[in-house]
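Q: Shown below is the structure under consideration.
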Amino acid sequence: MSEGLILVVDDDPGTRKVARANLALEGFEVLVASSAVEALTRIEDADPLALVSDLKMPDLDGIALMERAHALRRALPVVLVTAHATVETAVEAMRRGALHYLTKPIRYDELAVVLRHAVAGERARRDLERLRGELERAAGFEELVGSSAAMQEVFRLVERVAGADATVLLRGETGTGKELVARAVHRRSPRRDGPFVAVNCTAVPRELMESEFFGHEKGAFTGAAARRHGRFEQAEGGTLFLDEVGDLDLGIQAKLLRVLQEREFTRIGGERAEKTDVRIVAATNRDLEAAVREGRFRDDLYYRLDVIPIRLPPLRERPEDLPALLDHFRRSFAERYGRTVPEPPPEAVAAARTYPWPGNVRELRNLTERAALMGWDAVAPLLGQGAAPGPALATPADFGLPLLDARARLVERFERQYLTRLLVAHRGKVGEVARAAGIAERNLYEKMKAYGLSREDYR
């Protein structure tokens, strides 16, 4: 097993060659860079566990490089090396954040000891940070509040299927809590001590998707400076959550299907298949059956994913849960911000029961946070309280017009208010609004322009 990935920075090619050879003999995987600028790129791309840098270089000195590296990776261990050591320089380097300071010629046995301690500490720090993040996110399961029959059915299904290793497909609108349910399935499964890795399939560019899932070998393509472990390897022994799986490109769908069937994959540029042991939980707000009929989603992959379907109800279908949710979020934000957050007035609760909640629980959470900071009066207009009269979602038709004109006006009124509410719910984030509405961003921009809507007004 490798001692860890180390980055060595020196403008002298001979020094780089000797360092790489000696540290490789000590068991390290070694990247090299000839300048500080190249080193910063390597840090972003390869994420090494420690940095060894010459102090004197043409573009940036080692201390300046260290400070920029810490802006990218706040606790990255840095060892500085120089041929001209002084006590003052060493003290300054350590004061500015260096882990260790060595003089040339380098004793690589000494450097290896320093690096082993550095790598062990950095791995422990990253593991602790990951666990803290998992615990923070785990607490979010409490946001799946609900005594309604629809939510009780969700809880019952989670408890029933978590212990199995079958694939779960979560269906529901944006903001209904699909990732929270996925985490609940993971924490109640025999894989609970393994990693939970989430991938938003809409957030990864199509050309990078294969590397994102399966990883790549060093040199597999331009810019592949080191081996990269994909999401399947990161989730080994645990759960891989594929959010918005309905947006996957057909090409990657075929590769994903093969992994689900064969339980193995090959890194880009790799020569041998790697075995994988992960549980898949997928989620979508798309109509996958329609996508299959239209040829946008593979039917064989759909059947592989739809082993255990769980539907998450939209908030408008469970208004009886609103008081409990409002109280839960109110208390949560009161604790977070260290202030007293009053209970919502009765008129706000009544308005919440009739509001359609296009952004679902996520929208309710955001609205409650705004109320916690600005007061309930600040959110009243968003719920229709105290707002100027306007067309409702079920605006009656104008019977004084010809049929086609009346229908066109009715559609325009509906679309304007529908999109306005989505823009409010998603704070002007056009990508999220387009996904929630099920239309292309280009079409959304055209409609917003036609109706005089600007995303800046909702941020």
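Q: Residues in the stretch 23-63 that are polar (S, T, N, Q) and buried (at least 22 other Cβ atoms within 10 Å of the Cβ): how many? Walk me through how you get there before you give the answer.
A: Taking the stretch 23-63 first, the residues polar (S, T, N, Q) are 34-35, 41, 53.
Going one step further and asking which of them are buried (at least 22 other Cβ atoms within 10 Å of the Cβ), we end up with 53.
Total meeting the criteria: 1.
Q: Looking at the stretch 247-271 only, could you name the residues that are surrounded by 15 or more Cβ atoms within 10 Å (Cβ to Cβ) and part of a strand (DSSP E or B)?
A: 265, 268 - these are the residues of the stretch 247-271 that are surrounded by 15 or more Cβ atoms within 10 Å (Cβ to Cβ) and part of a strand (DSSP E or B).
Q: Based on this model, can you work out whether residue 119 counts as modelled with pLDDT of 90 or more and over 25 Å from the mean Cα position of the chain (by Cα)? Spell out how you get there, then give the answer.
A: Values: modelled with pLDDT of 90 or more: yes; over 25 Å from the mean Cα position of the chain (by Cα): yes.
Answer is yes for this residue.
Q: Let me ask something else about it. Residues in the stretch 354-361: is at least one in a loop (DSSP other than H, G, I, E, B) and modelled with pLDDT under 75?
A: Keep residues of the stretch 354-361 that are in a loop (DSSP other than H, G, I, E, B), which gives 355-359.
From what's left, modelled with pLDDT under 75: none.
No, the stretch 354-361 contains no residue that is in a loop (DSSP other than H, G, I, E, B) and modelled with pLDDT under 75.
Q: Another question, then. I'd like the full set of residues that are surrounded by fewer than 21 Cβ atoms within 10 Å (Cβ to Cβ) and touching a Ser or Thr at 6+ places or on another chain (Cβ under 8 Å), limited to the stretch 348-378.
A: Selection gives 362 alone.
Q: Are there helices (runs of 4 or more DSSP H) fully within the stretch 166-241 with at least 1 residues that are outside the structural domain of residue 301 (by TED's automatic domain parsing)? List them. Don't jump to the end; show me each part of the working.
A: Details: elements: 178-187, 209-214, 231-234.
Helices (runs of 4 or more DSSP H) meeting the threshold: none at all.
Q: I need the full set of residues from the stretch 163-210 which are free of Cβ contacts under 8 Å to residues at least 24 places away in the same chain and at positive phi, in order please.
A: Within the stretch 163-210, none qualify.
Q: Now, a different point. I'm trying to understand the selection: among the residues of the stretch 194-235, which are over 15 Å from the mean Cα position of the chain (by Cα) and surrounded by fewer than 17 Cβ atoms within 10 Å (Cβ to Cβ)? Even if it seems obvious, please write down each step before you answer.
A: The initial filter retains those residues of the stretch 194-235 that are over 15 Å from the mean Cα position of the chain (by Cα), namely 194, 206-208, 210-211, 214-229, 232-233.
Listed by number, the residues that qualify are 206, 207, 208, 217, 218, 219, 220, 221, 222, 223, 229.
Q: Tally time: how many residues in the stretch 379-421 are assigned to a loop (DSSP other than H, G, I, E, B) and at pLDDT 70 or above? Walk me through it before giving the result.
A: Taking the stretch 379-421 and keeping what is assigned to a loop (DSSP other than H, G, I, E, B), we get 379, 384-402.
If we keep only those that are at pLDDT 70 or above as well, we get 379, 402.
Looking only at that region, the number is 2.
Q: Which condition breaks for residue 147 when tested against (1) at pLDDT below 90; (2) surrounded by 15 or more Cβ atoms within 10 Å (Cβ to Cβ)?
A: (2) is the only condition that residue 147 fails.
Q: Over 24 Å from residue 328 (Cβ atoms) and modelled with pLDDT under 80 - does that describe any residue in the stretch 431-444? Show your work before the answer.
A: Within the stretch 431-444, the subset over 24 Å from residue 328 (Cβ atoms) is 431, 433-435, 437-444.
Remaining after also requiring modelled with pLDDT under 80: none.
There is no residue in the stretch 431-444 that is over 24 Å from residue 328 (Cβ atoms) and modelled with pLDDT under 80.
Q: Would you say residue 291 is surrounded by fewer than 20 Cβ atoms within 10 Å (Cβ to Cβ) and either closer than 21 Å to residue 312 by Cβ or outside the structural domain of residue 237 (by TED's automatic domain parsing) (or both)?
A: Values: surrounded by fewer than 20 Cβ atoms within 10 Å (Cβ to Cβ): yes; either closer than 21 Å to residue 312 by Cβ or outside the structural domain of residue 237 (by TED's automatic domain parsing) (or both): yes.
Here the answer is yes, as residue 291 does meet what is asked.
Q: Here is a follow-up. Looking only at helices (runs of 4 or more DSSP H) that lie completely in the stretch 1-73, which have at least 3 residues being without any contact (Cβ under 8 Å) to a residue 40 or more places away in the chain and over 22 Å from residue 121 (Cα atoms)?
A: Working: elements: 13-25, 36-46, 62-72.
It comes to 13-25, 36-46.
Q: In the stretch 277-328, which residue that is hydroxyl-bearing (Ser, Thr, Tyr) and outside any strand (DSSP E or B) is nearest to residue 433 (Cα to Cα)?
A: The initial filter retains those residues of the stretch 277-328 that are hydroxyl-bearing (Ser, Thr, Tyr), namely 284, 302-303.
After this cut, where a residue has to be outside any strand (DSSP E or B) as well, the list is 302-303.
Numbers: 302: 25, 303: 29 Å.
Only one residue fits best here, namely 302.
Q: Then there is this: Quick test for you: out of 83, 93, 71, pick the one residue that is buried (at least 20 other Cβ atoms within 10 Å of the Cβ) and at pLDDT below 90. If you could, list the steps in order and put the result at the bottom.
A: On the way: 83 fails: buried (at least 20 other Cβ atoms within 10 Å of the Cβ); 71 fails: buried (at least 20 other Cβ atoms within 10 Å of the Cβ).
Matching residue, one of 83, 93, 71: 93.
Q: Report, by residue number, each residue of the stretch 441-457 that is surrounded by 11 or more Cβ atoms within 10 Å (Cβ to Cβ) and either in a helix (DSSP H, G or I) or not hydroxyl-bearing (Ser, Thr, Tyr) (or both).
A: Taking the stretch 441-457 first, the residues surrounded by 11 or more Cβ atoms within 10 Å (Cβ to Cβ) are 441, 443-448, 450-451, 453-455, 457.
Matches in the stretch 441-457: 441, 443, 444, 445, 446, 447, 448, 450, 451, 453, 455, 457.
The values are calculated or read from the model by the stated rules, or taken from the named source; none is laboratory data. Since the model is a prediction, treat every value here as computed from it, not as a measurement. Methodologically, a virtual Cβ is constructed for each residue, glycine included, from the backbone with ideal geometry; neighbour enumeration extends over all protein chains shown.
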